[in-house]
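Below: one structure, written as structure tokens.
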Amino acid sequence: MIRKESLKISGMNCAACSAKIEKKLSRMEGVKEAAVNLATGRASVEYDAARVKIADLIKAIQALGYEAEKSEEVSRDEEKKRQEKEIRNLKITLVFSAVLSSPLLLAMVLGLLHIGDYRLAFLHNPYFQLAVATPVQFIIGIRFYKHAYYALRAKSANMDVLIALGTSAAYFFSLYNVFYENVRQGMMKDLYFEAAAVIITLILLGKYLEAVAKGKTSEAIKKLMGLQAKTARVVRDGTEEDIPIGEVEPGDIVIVRPGEKIPVDGKIVEGYSSLDESMLTGESLPVEKRAGDFVIGATINKYGAFKFKATKVGKDTALSQIIRMVEEAQGSKAPIQKIADQVAGVFVPAVVIIALLTFVIWYLFTADINKALISAVAVLVIACPCALGLATPTAVMVGTGKGAENGILIKGGEHLEMAYKLNVIVLDKTGTITKGQPEVTDILSLNNREQNEVLRLAASAEKNSEHPLGRAIYEKGKKESDYLPDPDKFEAIPGRGVRAFVLGRKIYLGTRKLMADVGFATLSIEPAIAKLEDEGKTVMLMAVENQLEAIIAVADTLKEHSREAITDLKQMGLEVYMITGDNKRTAGAIAAQVGITNVLAEVLPENKAQEVGKLQAQGKIVAMVGDGINDAPALATADIGMAVGTGTDIAMEASDITLMRGDLRAIPAAIRLSKATMKKIRQNLFWAFFYNMIGIPVAALGFLSPVIAGGAMAFSSVSVVTNSLSLKRFDPNKRTQRQ
């Protein structure tokens, strides 16, 4: 049985760490796929439960020197506390390190400036420097030795190995000079205690700033979690009582007063109101709700009071599912990350070799061991695999979080990366371009049968139908008639219509194709049909027993911003197609209203995926946008499937991106967000690679002191995370803006 599990990993410090764990997991028997995210500290593992157990995966990670546990076993509150504790510990350690390192740094600065003062002479005393440098090296810096040991034990190397090697070389060389050279030669030799201590302090500063910045990348999750109500007022045994939200059960009757948050998902049974759903959908206008309508937990009741029946609670609520989806997206990897992962896998060993060569070459050509050592140390400490590891995941975290804030739920980094490459958008008509709430507009009787009787028969025939057009006829009949008999038999004919027996009479209701299939000629009524279709109406024909009896026209109104969104997509250079089961004339009339020239009409539900495949076969990168059950195969086939969130759960499950509100303007917004995120990722990767390609040679040539190299290394990671955080200012709904 193939399962997917998320593991929380602690102890990772750089891209080499995540690459090592990912490599180990991927090679385990039974593991189908593994992805480790440095920014989130999570591993996503797809494995065969019959061949490998989750405990085996955890043991394998622990054997590498890291801690691991199932993510579901770590509550969000617990994870928050751990992050806060990590930041607090880093801050305390940093302060102590800075206090101990500052005299060494001051001594170095005074020496460089040739400033002498007898009152500060103790700063240059070798035993004083040894006394303050030692606790920095072996107490504060023990974390680097510990992680380096585990890495080397696992026959790999990471950033901690570089730091441990570099600072140890500076410290022990200085120690040698204090206790051997000074005694033997009776003179002061060069000491580099300040290099070792200040490097450790600067790296801790970088780690502290990085941890704070990384915490900000997941603010979208924190905001979503903060939306949830804490209590709910329920009716039990005839009395009202306030209970914690975790105790609400499906079937409970919940009372909501003006200004309160909806605690869980449910269906209104009494009362009406206007709800602010902007926190989930991004839609600013309040939405009218009355008995029979569904409400979403965490939305805000604006005006009226009402009661609703709880249908989804706990992990099943829409908000919980959104949080889970965003968490999974933030933990996923964009394909572009593979480049950095491949480099990270060989980065540290390569840097160690370069450092050794630097030492040997400098010593051979100059015979100056001091210069050779300092240049080698500078190479070790300036190299930064961290920036490579954080370049992509931090941008993905901020990008997917920004999407969630705007009602755009992106399931993973690969979909975020693919969205900007799209060149074709295929839009389903009903429920996507249109509101999906068609109404009967015309009933033309062909044989002097009363319109009321025509409607009653048609509505009865469609009573069990789930198709929007069938429901429109049924709803119209329900309004106009006191009684609608149940059909004796009912059969839906996909893409064509229905067959039913009502009061003993056989009724066919559907398209021309259906009438042709069962032997009814429609040539004589084509002019009447054409007139209605030219008006953008969908025409259905009804036959009773052996005779055509009526033409029924149904019209679905366009969504308010459909034309604006489609114009926006075309201005972005995308081809826009409309796909529908309607006949060409009706489809063409509706497409013309929104400015679409590419129309795929008379497409049966089961053929939508084939049409998407035909476009892909032409080399196009296709997004399919739909909201119905019959759109699911096409959504899954497309390069990017976008489900309109007002549609069905099946469509949302099959999609890669969910648009929480029915507004099509979210489509260009999602593409703009993808472009902006990819721009940040490229910037991050460029600077991460550029920094290492320039920094390492400069250090090897002897132009950098280890202290400056350590500072540059520490702040390279911070700069990458900060650049990703700048994406928070991006508004995907604006057409033109600086990114």
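The values are calculated or read from the model by the stated rules, or taken from the named source; none is laboratory data. As the structure is a computational prediction, the values presented were derived from the model and not from experiment. So basically every Cβ, Gly included, is an ideal-geometry build from the backbone, and we count neighbours across all protein chains shown. Note: accessible area is taken over every heavy atom of the protein model, side chains too, but ligands, DNA and RNA are not part of it. Shrake-Rupley method; radii C 1.70, N 1.55, O 1.52, S 1.80 Å.
Structure above, values below:
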item: Under 20 Å from Lys476, Cα to Cα: lysines that are on another chain or at least 8 residues apart; result: Lys435, Lys463, Lys537
item: Antiparallel DSSP beta bridges within the chain, as percent of all bridges there, nearest 5; result: 80
item: For the chain, with +1 on Lys and Arg beta carbons and -1 on Asp and Glu, the positive-most of Gln129, Ile529, Ile579 along the dipole; result: Gln129
item: Cα long-axis angle, helix 337-366 against the chain (0 to 90 degrees, to the nearest 10); result: 10
item: Set of aspartates and glutamates near Lys421 by C-alpha distance (under 19 Å), chain-local residues within fewer than 8 positions excluded; result: Asp568, Glu575, Asp639, Asp656
item: Distance violations [Cα-Cα > 22 Å] among Lys70/Lys312; Lys23/Lys155; Lys23/Lys91; Lys333/Lys570; result: Lys70/Lys312; Lys23/Lys91; Lys333/Lys570
item: Sequence of Ile139, Ile92 when ordered by accessible area, the most exposed leading, probe 1.4 angstrom; result: Ile139, Ile92
item: Relative contact order %, the chain, counting alpha carbon pairs below 8 Å whose residues are six or more apart; result: 13
item: Solvent exposure of the range 503-651 as accessible area per residue, Å², 1.4 Å probe; result: 41
item: Estimated 222 nm signal from helices in the chain, with DSSP H stretches of n ≥ 4 weighted -39500 (n - 2.57), rounded to 500; result: -16000 deg cm²/dmol
item: Antiparallel bridges, percent of DSSP beta bridges restricted to the range 519-654 (to nearest 5); result: 50
item: Within the accessible area of the chain (1.4 Å probe), percent carbon and sulfur; result: 56
item: The range 588-635: relative contact order as a whole-number percent, Cα under 8 Å and 6+ apart; result: 35
item: Entries of Lys302/Lys675; Lys584/Lys680; Lys80/Lys261; Lys20/Lys402 with Cα pairs more than 32 Å apart; result: Lys302/Lys675; Lys584/Lys680
item: Rounded accessible area of Lys214 (nearest 10 Å², 1.4 Å probe); result: 50
item: Approximate shape of the range 630-712 as ellipsoid semi-axes (Cα gyration tensor, √5λ), whole Å, largest first; result: 48, 12, 10
item: Probe 1.4 Å, accessible area per residue of the range 225-296, Å²; result: 53
item: Computed over the range 304-379: relative contact order in percent, which uses C-alpha pairs under 8 Å that are six or more apart; result: 19
item: Anchor Lys53: aspartates and glutamates whose Cα lies under 20 Å away (excluding residues fewer than 8 positions away in-chain); result: Glu5, Glu22, Glu29, Glu33, Glu67, Glu69, Glu72, Glu73
